[in-house]
Every structure is written in C-alpha cells, then in structure tokens.
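Trainee: Handing you this structure, nothing more for now.
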Amino acid sequence: AEPWTTMTEDEINTWGLGVSGKINDQMSYGVDYVSSDAEGKYLTHARSDADPFAVLKTDLQNFRLYFEYQLSERWGLGLDAYQEKYDSDDWYIDGLAPLDIDGVLTMGDESPDYKVNVVRLLATLKF
C-alpha cells in the first residue's frame with residue numbers, strides 16, 4: 001500500500017437574529033432567523049498525483065415568525081410559520097455512481113437538499 005497522510009480544515013460560520021415583544025398583556029410575537037454555512041477541506045498527500053477531494057459544503061437557513069395569545073392564566077394559543085432551507089455538497093455521496101461498489105452501499109443517494117414551509121396552530125397548557 002502506498003503511504004499517505006491527510007489533514008482536515010473546517011470552517012463554520014453561524015449567526016442568528018431574533019426579535020420578540022408584547023403587543024399587550026395577552027398577545028406576544030417573535031421573529032427568528034438563523035444562518036449556518038460550513039466548508040470542510042481534506043488535504044491528502046500521497047506519492048501519486050491523485051486529484052484532491054472536493055470541498056464539503058453545507059448551507060442552512062431558518063426563518064420563523066410566531067404569534068401567541070394567552071386565553072387565560074393556564075391556556076394559550078399559538079400560530080407559527082417557518083421556513084427552512086438546507087443545501088449540501090458531499091463528494092463521498094455525490095461522486096458515486098449507483099453501480100459502483102460504494103454506490104451500492106449508499107444506494108445511489110445524493111446529498112440532502114430541501115426547502116420546507118410549515119404553518120402550525122397550537123394550544124398550550126401551563127401546569
């Protein structure tokens with residue numbers, strides 16, 4: 001086997017912002033935003049002239065808007081709306097064909113990418 005060494009270098013940038021407040025004694029609101037970006041580099045040194053691994057990338061964004069109404073001392077209602085977007089590039093998953101042995105092991109999967117929108121109405125009870 002050919003000798004080799006590898007080093008990793010990861011960079012993750014995460015930040016968020018949230019604002020909340022009360023309209024009156026019974027009603028409150030809030031807005032939250034979170035963003036996180038990451039890159040992972042694999043620096044591999046070997047005797048051969050093999051191509052370096054591609055950079056791993058992940059991007060996550062989450063936005064939430066919420067409203068709460070206190071019906072009584074114990075009961076409340078809430079309305080949430082949020083969106084989450086996730087995008088990733090992973091050479092280990094994306095670079096494999098379904099008929100490669102590793103592709104068989106990963107079932108031909110691709111890196112996750114999604115965008116989700118959710119609206120929910122909820123009741124709360126304080127014990």
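Trainee: Which residue pairs have Cβ atoms closer than 7 Å, lie 6 or more positions apart in sequence or on different chains, and pair a first residue in segment 112-127 that is in contact (Cβ under 8 Å) with a residue 12 or more places away in the chain with a second residue that is hydroxyl-bearing (Ser, Thr, Tyr)?
Mentor: Listed by first residue and then by second, the contacts come to PRO112/TYR86; PRO112/SER88; ASP113/TYR86; ASP113/SER88; TYR114/TYR86; VAL118/TYR82.
Trainee: Can you name the condition, by its number, that MET27 falls short on among (1) modelled with pLDDT of 95 or more; (2) out of contact with any Phe, Trp or Tyr (no Cβ under 8 Å at 6 or more places or on another chain)?
Mentor: (2)
Trainee: When segment 39-91 is examined, which residues are found to be within 12 Å of the chain's Cα centre (by Cα) and under 30 Å from PRO3 (Cβ atoms)?
Mentor: LYS57, the sole residue that qualifies.
Trainee: Kindly provide the set of residues from segment 1-24 that are among the small types (Gly, Ala, Ser) and at pLDDT 95 or above, ordered by number.
Mentor: The first filter runs over segment 1-24 and keeps only residues among the small types (Gly, Ala, Ser), leaving 1, 16, 18, 20-21.
If the condition is that a residue be among the small types (Gly, Ala, Ser) and at pLDDT 95 or above, then GLY16, GLY18, SER20, GLY21 are the ones that fit.
The values are calculated or read from the model by the stated rules, or taken from the named source; none is laboratory data. None of the values given here were measured: they were computed from a predicted structure. Glycine also receives a Cβ, built like all others from the backbone with ideal geometry; neighbour counts cover every protein chain displayed.
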